[in-house]
1. Can Asn117 be described as free of Cβ contacts under 8 Å to residues at least 24 places away in the same chain and in a helix (DSSP H, G or I)?
2. Which residues, taken from region 24-46, are in a helix (DSSP H, G or I), in contact with a Phe, Trp or Tyr (Cβ under 6 Å, 6 or more places away or on another chain) and buried (at least 18 other Cβ atoms within 10 Å of the Cβ)?
3. When region 152-166 is examined, which residues are found to be closer than 15 Å to Gly29 by Cβ and either of a type in the set (Phe, Trp, Tyr) or exposed (fewer than 11 other Cβ atoms within 10 Å of the Cβ) (or both)?
4. Please determine, by comparing only the residues of region 47-69 that are buried (at least 21 other Cβ atoms within 10 Å of the Cβ) and among the small types (Gly, Ala, Ser), which one is farthest from Thr126 (Cα to Cα).
5. In region 95-148, which residues are over 14 Å from Phe42 (Cα atoms), modelled with pLDDT of 90 or more and small (Gly, Ala, Ser)?
Amino acid sequence: MKFQPVRLVRYYFFRIIRLRGDPHSLAKGIGFGLFIGVVPLFPVQTIILIPLALLLRINPLAAFIASSVASNPLTFLPQYYYTWKVGNMILPGRVSWEHLQEIMILLKQGSFLEGINTLLHLGFKTLSVILVGGAVIGLPIAVAGYFMALYCFTTLHRKRMASHKLD
C-alpha cells in the first residue's frame, strides 16, 4: 500500500471534527495532547496523557488524537532532533547528537518495556535536555493549537445548534 499523506491528514481532520462535547474541554484536550505529543517521551506518552487528561478534566480522546498527530513515525526523528537542539541551546554541552541517535535506535527497535527501560537509564542530563527542549517547543504549539481548536469547535457547536433548531 502506497503512503498517502493527504489521506492521512483528512483522516485525522475528520476524527477531530467528529468529536462531541464542550468546545473548551475539546480545545484543552487538543492543546494538552499537542504538548505531550511534542515532548519526546515516545513509549510513555499515552501512559502520561490519559491519567493527566482525566485529572485535569479535559477531553482525553481529543488529547490522544492530538498527541498521535504530533508524535508518530513521521515526526519521530525531527521531533527528537529539534527538542535536542533547543534543549542543548538552553542547557549547553550536555548531550551529543550521536548519543541521542543511539537512544532513538533502541526505542524504535525494542519492545514497549525495553523503551521504558531505555528512558529510565537515560540519565538526568539527557532527560533534562530533551524535556526542556520539548517543553520550550511544545508550549507555543499547545497554546496555538488550543486557540485554533477553540475557534473551530465553537464554530462547529454553533452550526450544530443552529441545524438542530431548524429540525
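The values are calculated or read from the model by the stated rules, or taken from the named source; none is laboratory data. What you are looking at is a predicted structure, and each value in this text was computed from that prediction instead of being measured. Positions of Cβ are generated from backbone atoms using ideal geometry, with glycine treated the same way; all protein chains shown enter the neighbour counts.
1. It is true that Asn117 is free of Cβ contacts under 8 Å to residues at least 24 places away in the same chain and in a helix (DSSP H, G or I).
2. Answer for region 24-46, where residues must be in a helix (DSSP H, G or I), in contact with a Phe, Trp or Tyr (Cβ under 6 Å, 6 or more places away or on another chain) and buried (at least 18 other Cβ atoms within 10 Å of the Cβ): Leu26, Ala27, Gly31.
3. Result: Phe153, single match.
4. Ala62
5. Gly133, Ala135, Gly138, Ala142, Ala144, Gly145
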